[in-house]
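Only the coordinates and a few stated rules stand behind these numbers; no lab work does. These numbers come from a predicted model, not from an experiment. As a convention, Cβ positions derive from the backbone with ideal geometry for all residues, glycine included, and neighbour counts pool all protein chains shown.
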Amino acid sequence: MKHYFLLILLFLSLYCLSACDSGEKYQSKGKTEVFGDFKVTVNINEDSQGRTVLGEITYMGKKEEVRIYHRDSPIYFTVRMADGDYEYIETAEGPYQSTVLKRNEPVSINSGLPFLNNLEPAMYEFEAIALISESTDEPMKELKVMRSAVVRD
């Protein structure tokens, strides 16, 4: 009976050790929100090139394609330290432009934020914001998706 108890205890210990530290720098990779005919995703990635935050917008409506109007980029980014005083907010500037979205084909935008590899270890909120309209006569819609992630050394 002692052998079975020790064997079960050993397996539980090994399971806990393997689940506690996966070696990833982030607890989670991405999040997606649906806003009517549009889907917006924020992805947090880390590889040998460093950290990146990507935003995607996908049209999922009935038409084969749709033209959206936006400023210099269809997606903007914010980065906030959850329990601190660090905040970066990208602003929508530049002349109006348009992008054609084909149904179910995501358009991916790299944030290109150079400071991502220098963030202090902490919990951060990464947000992708699609600021778009489907007509030059309509006001812009703000479609936001946010993902919290722990940045470690």
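Could you line up 69, 96, 59, 88 from fewest to most neighbouring Cβ atoms inside 10 Å?
96, 88, 69, 59
Could you order peptides 104-111, 135-142 by the average number of other Cβ atoms within 10 Å of their residues, highest first?
Sorting 104-111, 135-142 by mean packing, highest first, produces 104-111, 135-142.
Taking only the alpha-carbon positions of the range 24-151 and ignoring solvent, what does the Debye formula give for the base-10 log of I(q)/I(0) at q = 0.10, 0.11, 0.13 Å⁻¹?
These q points yield log10 I(q)/I(0) values of -0.32, -0.39, -0.54.
Of 31/63; 39/144; 29/141; 31/102, which ones are farther than 19 Å apart at the Cα?
31/63; 29/141; 31/102
Give the relative contact order (percent, whole number) for the range 24-151; include only Cα pairs under 8 Å separated by 6+ residues.
31 percent
Where does each of 34, 151 land when they are ranked from fewest to most other beta-carbon atoms within 10 angstrom?
34, 151
Taking neighbour Cβ counts within 10 Å as the exposure measure, how do 101, 113, 54 sort from fewest upward?
With the sparsest Cβ surroundings first, the list reads 113, 54, 101.
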